[in-house]
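Structure record follows, encoded as structure tokens.
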Amino acid sequence: MLTYDMERRGRLPLYDYLCRCIKEDIWNAALGPGEKLPSKRALAEHLHISVMTVEGAYQQLEAEGYVYTQPKRGFFVAEVERPRPAVPAPPAP
């Protein structure tokens, strides 16, 4: 189950902080392409937040292309292009 410290959000709205946390997990490959996200209700209960907050975060992630939905199955992590690490320039001769 996804676990985030919702008290560390500072002044961000809950849904925005949750959205950023999930994006970070996708970028860091903690969540892989095709992986199913927890149901809105289960994640809300686990994080002690409202279902509407989770729904808002999932909708934002879907709008940005980080997740996709399959009707009656849930939300899944989308394939996202990760930037390649910068290659250091060769030393000058």
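The translational diffusion coefficient of the chain, from Stokes-Einstein at 4 °C and 1.567 mPa s with a Kirkwood hydrodynamic radius over alpha carbon pairs, comes to 90 µm²/s. A crude spin-label estimate for the pair Arg11 and His48, with each label 7 Å from Cα along the Cβ direction, gives 2.5 nm. The 1.4 Å probe gives accessible areas that order Glu7, Glu24, Glu35, largest first, as Glu7, Glu24, Glu35. Across the stretch 34-47, coupling constants 3J(HN,Hα) worked out from phi with the 6.51/-1.76/1.60 Karplus curve, θ = phi - 60°, read x, 6, 7, 7, x, 4, 4, 5, 5, 5, 4, 5, 5, 8 Hz, and Gly and Pro carry x. Between the amide H of Val67 and those of Glu62, Ala78, distances stay under 5 Å, these residues lying 5 or more places away or on another chain, with hydrogens modeled in the peptide plane. Electrostatic bookkeeping for Met1 treats Lys and Arg as +1 and Asp and Glu as -1; over the other residues with beta carbon under 15 Å from its beta carbon, the sum is -1.
Computed 3J(HN,Hα) for the stretch 20-32, one whole-Hz value per residue from the Karplus formula 6.51 cos²θ - 1.76 cosθ + 1.60 where θ = phi - 60°, is 5, 5, 5, 4, 4, 5, 5, 4, 7, 6, 6, 10, x, glycine and proline marked x.
The values are calculated or read from the model by the stated rules, or taken from the named source; none is laboratory data. These figures come from a predicted structure and were not determined experimentally. Virtual Cβ from ideal backbone geometry, glycine too; neighbours counted across all protein chains shown. Each accessible area value is taken on the protein alone, full model and side chains, heavy atoms only, with ligands, DNA and RNA left out. Shrake-Rupley method; radii C 1.70, N 1.55, O 1.52, S 1.80 Å.
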